[in-house]
Each structure stands twice: as C-alpha cells, then as structure tokens.
Amino acid sequence: MKILAFDTSSEYCSIAMLLERDILGEEVLAGQRHSELVLPMVSRMLDEAGLTLAQLDGIAFGSGPGSFTGLRIACGIAQGLAFGAGLPVLGISTLEALAHQAGGTQVVAALDARMHEIYHAAYRKVLDEWQVVSEPTLCLPQNAPSVPEQGWTGCGSGFDMYSEVLRTRYEGYLNHIISGVRPDARAMAQLAAPRLARGQGGDPADAAPLYIRNKVALKEKER
C-alpha cells in the first residue's frame, strides 16, 4: 500500500506517506498557514518518494475533532487531490490517531476543545485494530465518560491542559499519562493502510469532517 496522509486539525501541519513498510513524515508549526503550507509539503514528499498522486492507493486525512477551519482545509484538500487522481479517501479520527501514538492497548484520548471542554474518546486494541470503548464526544473534563477496568493510558492536549482534573476523574484507572501527544499524519497513514486494503476508502465527494461541537466560541453571557 502507498498512502498519503495529512492532518491540519491543530496548530501543527503534518503529512506522511506510507510506502509498504517504510514511512516518510514531516511536521511544521503552521499557526494559521495550513492552507498555504500543506500542498507544497505534499509535493515535496511525492518528489522524495518518486511518485505521482495517481500511483498511490489512497489518501487519508485527519477528520476531527479539532479546529473547525483546519478540518475543513484537510477535507477539502483530500477531496481535491483524490478527485484529480481517481483515488479513494478515508477520514481518520484525530482521537484514534492519539491512541495509536500512545502505545499500549487501552488509551483514553482527550483534546483541548477550548471553552473549558475536551474532545474525548477511549479505545482498546484488539488484534492490531482499535475498538471504540467510549465514542468521541464533547464534555467537561470532570464529566469525562468512565472506562471499564484498570490499566489505561491518557494522552492528548486535553490531559496537558486539565491534567489534575482528569487524574482525579480517572483515579485508580490510569496507569500513566503521556504528555505532548498531538495528532500526527504518520499514525493516520498506519491506521488507514489496512482499511484501504479492505476497500473501506470512499468516494471523495462523501468525505466529511467530524466536528462534534456546533459552535466555536462562547457568547459573552456564557463566559
């Protein structure tokens, strides 16, 4: 499988290319410049790999949750590239990507959603596939969904921002917390590979972001 993946869900812009068992990756702190950075990064990576888009097996993108603008950028670029090259597209959850990066077999993934909330999901790895234990949701850190049993790892910017609250919420269930983990295109490429191989990639026209939240800022009376 030869797969291009990219993520623009956070302040970072990351791209990756999976070439059978090898993987290329690049990440830059983009701020608000994702739309101007991602295509040149893709072009450089294709040149490095000596491939054209049409020689790929599919395109994966970080579908969310995350920055509304960033998710729209990733989805739109994936659609545009895939339409032109006749490739299938697959959205990969940013929360599942966090779980994949954390290692272990039971991971609580949390992203800072601003407005004092987090995007949350929990996953368990079974036979090299991540199964959802708690569906992606938006919640207050102190109201994060419970998890069964013990032996969980926590990761993501939600844990970086609300470490003490989430430690208290999961007291007795978390083995440890890994700081500084953010969605990365390399994990998304690795997650996409077996799914694209099974034919789970879709028509570019059907690709869509996973927003979860319906609004991006608090009203003055809500602050």
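The values are calculated or read from the model by the stated rules, or taken from the named source; none is laboratory data. Just so we're clear, the structure is a prediction, and the values are computed from it rather than from any experiment. Because the Cβ atoms are built from the backbone with ideal geometry, glycine has one as well, and the counts that use them run over all protein chains shown. Please note that ligands, DNA and RNA were not included when accessible areas were found on the heavy atoms of the full protein model with its side chains. Shrake-Rupley method; radii C 1.70, N 1.55, O 1.52, S 1.80 Å.
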Let me confirm something: among Ala102, Ala60, Ala85, which residue is open to solvent by less than 10 Å² (accessible area, probe 1.4 Å), among the aliphatic types (A, V, I, L, M) and touching a strand residue (DSSP E or B) at 6+ places or on another chain (Cβ under 9 Å)? Ala60
Filter result for the condition that a residue is over 19 Å from Ala144 (Cβ atoms) and buried (at least 24 other Cβ atoms within 10 Å of the Cβ), over Ile92, Ile77: Ile92
Hey, among the residues in the stretch 137-157 that are touching a residue at least 40 places away in the same chain (Cβ under 8 Å) and in contact with a His (Cβ under 7 Å, 6 or more places away or on another chain), which one's surrounded by the most Cβ atoms within 10 Å (Cβ to Cβ)? Thr153
If we take the stretch 1-91, then strands (runs of 3 or more DSSP E) inside it with 1 or more residues that are within 21 Å of Leu210 (Cβ to Cβ), in contact with a Pro (Cβ under 9 Å, 6 or more places away or on another chain) and modelled with pLDDT of 95 or more are 2-7, 12-19, 58-64
Leu39: surrounded by fewer than 24 Cβ atoms within 10 Å (Cβ to Cβ) and touching a helix residue (DSSP H, G or I) at 6+ places or on another chain (Cβ under 6 Å), yes or no? no
